[in-house]
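A short reminder: the numbers here are calculations on the coordinates, not readings from a lab. If you're wondering where the values come from, they're calculated on a predicted model, not measured in any experiment. Because the Cβ atoms are built from the backbone with ideal geometry, glycine has one as well, and the counts that use them run over all protein chains shown.
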Amino acid sequence: MGSKTDAFETSILQHIFQNSAITNIGDAAGVLGSSGAGSLFVALYTTNPSDSASGTETSYTNYARVAVARTAGTWTVTSGSATNASAVTFAQCGTTGATLTGFGINKASGVNVADCLYWGALGSNLTVSTGITPEFAAGALGITED
């Protein structure tokens, strides 16, 4: 069984999170970034996704995925890991709450779309109720390749 080099892991994360080209694959230009970088969408879950299952995305009142642009200004990538460069703030909870257990980095804005690229468990569950605004501080979302 093989593995990726640390440098290539970083290149993959830069390609996905910062829209950077991965040079010298196929030719000198390599795997190019998109002409329009677009966004990734951070989601919250009440049952975590896994490598083979989509999990259960939260549905607390006012919830929506948060768009984060695919740029070096919004994602920091170093040594095989990516983190959010600034806070990722979700909508304040209305009347119906939830207990959050995990997060996902997704390709689309649509809630409950099975398009999760990366996922992780929260350090501890977060119960949201009326008036609570879930947020990941800058650097709190950590994604690694390995």
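Around Ser79, what is the net charge, scoring Lys/Arg as +1 and Asp/Glu as -1 over all other residues with Cβ under 15 Å from its Cβ? Charge balance near Ser79 sits at -3. Rounded to whole numbers, the Karplus 3J(HN,Hα) couplings from phi for the stretch 49-63 are x, 9, 5, 10, 9, 7, x, 10, 6, 5, 9, 4, 4, 5, 5 Hz, using 6.51 cos²θ - 1.76 cosθ + 1.60 with θ = phi - 60°, and x at Gly and Pro.
By the equivalent-ellipsoid construction on the alpha carbon gyration tensor, the chain comes out with semi-axes of 30, 15, 13 Å, ordered largest to smallest. Dipole magnitude of the stretch 6-144 about its Cα centre, charges +1 at Lys/Arg Cβ and -1 at Asp/Glu Cβ only, in debye to the nearest 20? Using Cβ point charges on Lys, Arg, Asp and Glu, the stretch 6-144 gives about 280 debye. Based on Cα contacts under 8 Å between residues 6+ apart, the chain shows a relative contact order of 26 percent.
Among Gly33, Asn112, Ala140, which residue has its Cα furthest toward the positive end of the charge dipole of the chain, with +1 on Lys/Arg Cβ and -1 on Asp/Glu Cβ? Among Gly33, Asn112, Ala140, the one farthest towards the positive end of the dipole of the chain is Asn112.
Need the full-extension length gain, Ser79 to Ala114, defined as separation in residues times 0.36 nm minus the C-alpha distance. One decimal, nm. Kindly include the intermediate steps, with their values, before the conclusion.
Values: separation 35, 0.36 × 35 = 12.60 nm, distance 2.84 nm.
9.8 nm is the gain from fully extending Ser79 to Ala114.
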